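The values are calculated or read from the model by the stated rules, or taken from the named source; none is laboratory data. This is a predicted model, so every value here is computed, not measured. Cβ atoms come from the backbone with ideal geometry, glycine included; neighbour counts cover every protein chain shown.
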Amino acid sequence: MTFATDASRGEEVSFARATPHLSASVKAGNRPGTTTSTDVSEVARGACPCGGGEIIVYLETPDHGWSSRQWQRRWGEITCGTCATEFVVQISGRVRLVRRSDLEAQRRKVQEWTTQSDLVLQSEGAITLFQRLVARLKAERSVAAVWRCLSHYGMTQYSESAFRKHWKDAEDWVKENKGIWLLERILAHIPVQPTQVH
Ligand SMILES: [Zn+2]
């Protein structure tokens, strides 16, 4: 077992050999939310960083072979108390050990960003911009025209028919799609309407 140490991205775990064998069968209904019986297999095993325990990777699949392509889930377990306190196993293609402290720092950053973007979205400037978009959409004569406008400015990824199914009115759409990304597009594409002079 080797570690490619990279503090920011977690430590990559490579296992000397995979040892696939069925370790458990989970019957449907034994776990909340489970509707299919599943097989849990151990697919890899290696020593933990301190050497006092092991890291085990499991693979869970439905227990009927014909549906094996439906879904599968992998997860890791650290059997060493010392290392389990310091690390968690993350699996996304590769197996990594991530320090719990790094995860915490990441979580705090996301939290901070969410708080800041919420403040921006509630600001008077943002409200004015969203109202500008509502006015622009209300000026369109049909749902098709609204969709053309939104797609043209990269504000919706929906097809026209899917968009029609979700569309209620301009206020509702803006409320549902409020975000920093939308503010940026309004600033870039929807100019201030000239004040009408009588
Ligand atoms: Zn350990």
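For this structure, a couple of remarks:
- Criterion: out of contact with any Phe, Trp or Tyr (no Cβ under 6 Å at 6 or more places or on another chain) and either surrounded by 14 or more Cβ atoms within 10 Å (Cβ to Cβ) or of a type in the set (Lys, Arg) (or both) - qualifying residue of Leu119, Leu133, Leu187: Leu133
- Exactly one residue out of Glu86, Glu60, Glu54 is charged (D, E, K, R) and either loosely packed, with under 14 Cβ neighbours inside 10 Å or more than 16 Å from the ligand (Cβ to nearest atom) (or both), and it is Glu60.
- Residues of segment 63-83 that turn out to be over 22 Å from the mean Cα position of the chain (by Cα), surrounded by fewer than 16 Cβ atoms within 10 Å (Cβ to Cβ) and either closer than 18 Å to Leu103 by Cβ or modelled with pLDDT of 80 or more (or both), as a count: 4
- Segment 55-78 residues that are under 10 Å from Ser41 (Cα atoms), paired with ones that are modelled with pLDDT under 80 and buried (at least 16 other Cβ atoms within 10 Å of the Cβ) (beta carbon under 6 Å, 6 or more apart): Glu60/Thr38
- Identity of the residue in segment 149-186, more than 21 Å from the chain's Cα centre (by Cα) and of a type in the set (Phe, Trp, Tyr), that ends up farthest from Arg136 (Cα to Cα): Phe163
- Hey, Thr61 outside the structural domain of Leu183 (by TED's automatic domain parsing) and touching a helix residue (DSSP H, G or I) at 6+ places or on another chain (Cβ under 9 Å) or not: yes
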